[in-house]
Amino acid sequence: MQTKLTKLLLMVAALVFTINAEASDRWETLRAINWVENPTNQTHVGRYGELGPYQFRPATWRMHTDKPFSLAVNRAAADEVAVQHYEWIKRTFERAGVEPSAFNIAMAWNCGVDAVLAGRVPSASYNYAERVTNLVDALKARSQPIAAEAKHETARNLDLNLDDQQGGLRFRVILDAPRFLLAAG
């Protein structure tokens, strides 16, 4: 009984870490795309009709929301659509058997999923994806000491009480929300 419960708890903990890691990868990739697309947070329409922190075009915006395109400059609305677009690109790649890496997602963000799947990516999009990937790697490097500390705290907070003296098993798992610290400079 104790080994089954322990295995179950370890599986739950592994699942939680996997979900957090996927969300972290998405956050880092979207943050890097934002920095490459619109580093100065311009709010005017670009020469190809793009708008907002992720430089959405109207057709891409309409794929994921019914909200007016003018809301693309609103950070909360743009973040919501960016997550939906990221997940759509990721699912499309997974169905096609293509790795949904930050590099591939960035290329698709820049030139479209069809171009990436067809292997017809312009060199400008390849360079764009390299810049995004370099930023993702830098963000991951900055957060690794914090992530290691968080894992250590989580391991300390996993408190199993397998003592049957009170007629049942008691345990608690305390997972703190992820903390992100970015140093300026």
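Remarks
- Flag for ASP79 being under 16 Å from the mean Cα position of the chain (by Cα) and of a type outside the set (S, T, N, Q): yes
- Within segment 37-70, being surrounded by fewer than 18 Cβ atoms within 10 Å (Cβ to Cβ) and of a type in the set (A, V, I, L, M) holds for VAL45, ALA59, MET63.
- Residues that are over 14 Å from ILE33 (Cβ atoms) and part of a helix (DSSP H, G or I) within segment 89-112 comprise ARG91, THR92, PHE93, GLU94, ARG95, ALA96, listed in sequence order.
- Against the conditions (1) modelled with pLDDT of 95 or more; (2) not in a helix (DSSP H, G or I), ARG120 satisfies every one except (1).
- Looking only at segment 74-104, and only at residues there that are within 13 Å of TYR54 (Cβ to Cβ) and among the β-branched types (Val, Ile, Thr), the one that is surrounded by the fewest Cβ atoms within 10 Å (Cβ to Cβ): VAL83
The values are calculated or read from the model by the stated rules, or taken from the named source; none is laboratory data. The shown structure was predicted, so the numbers you read here are calculated from the model rather than taken from an experiment. Methodologically, a virtual Cβ is constructed for each residue, glycine included, from the backbone with ideal geometry; neighbour enumeration extends over all protein chains shown.
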